[in-house]
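Asks: This structure is in structure tokens; I'll ask about it shortly.
The values are calculated or read from the model by the stated rules, or taken from the named source; none is laboratory data. Model, not experiment: these values are computed from the prediction. Quick reminder, even Gly has a Cβ in these numbers, built from the backbone with ideal geometry, and neighbours come from all protein chains shown.
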Amino acid sequence: MSKSKNNLTTCYTSLECNSCKTLKKRKFTDGDFVFSSSETCSDCNGKMLIIKIFGVTMD
Ligand SMILES: [Zn+2]
């Protein structure tokens with residue numbers, strides 16, 4: 001019996017809006033790092049701050 005260990009880890013980035021505290025989750029992209037702000041909130045045009053980067057393993 002052999003089980004494949006071909007698990008795939010996908011990284012996600014969690015962002016929070018500085019102004020309205022909206023939370024957003026999207027796929028990690030190159031250059032993301034915690035406490036950087038790279039995008040604008042779609043609700044209030046405030047700054048979105050990256051609060052967490054995490055990986056999800058699927059099998
Ligand atoms: Zn906002």
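Asks: How about the range 2-34: which of its residues are hydroxyl-bearing (Ser, Thr, Tyr) and farther than 15 Å from Ile53 by Cα?
Replies: Hits for the range 2-34 are Ser2, Ser4, Ser19, Thr22.
Asks: Taking Thr57 as the residue in question, decide whether it is away from the ligand (no atom under 16 Å from the Cβ), touching a residue at least 12 places away in the same chain (Cβ under 8 Å), within 12 Å of the chain's Cα centre (by Cα) and not in a loop (DSSP other than H, G, I, E, B).
Replies: Judged against the criteria, Thr57 is not a match.
Asks: For residues in the range 2-44 being of a type in the set (A, V, I, L, M, F, W, C) and under 26 Å from Thr57 (Cα atoms), which is surrounded by the most Cβ atoms within 10 Å (Cβ to Cβ)?
Replies: Among residues in the range 2-44 that are of a type in the set (A, V, I, L, M, F, W, C) and under 26 Å from Thr57 (Cα atoms), the one surrounded by the most Cβ atoms within 10 Å (Cβ to Cβ) is Leu15.
Asks: Can you work out which of the residues in the range 24-50 that are over 9 Å from the mean Cα position of the chain (by Cα), more than 10 Å from the ligand (Cβ to nearest atom) and part of a strand (DSSP E or B) is modelled with the lowest pLDDT?
Replies: Of everything passing the filter in the range 24-50, Glu39 is modelled with the lowest pLDDT.
Asks: Can you tell me which residue within the range 5-23, out of those that are assigned to a strand (DSSP E or B) and more than 11 Å from the ligand (Cβ to nearest atom), is modelled with the lowest pLDDT?
Replies: So the residue we want is Leu8.
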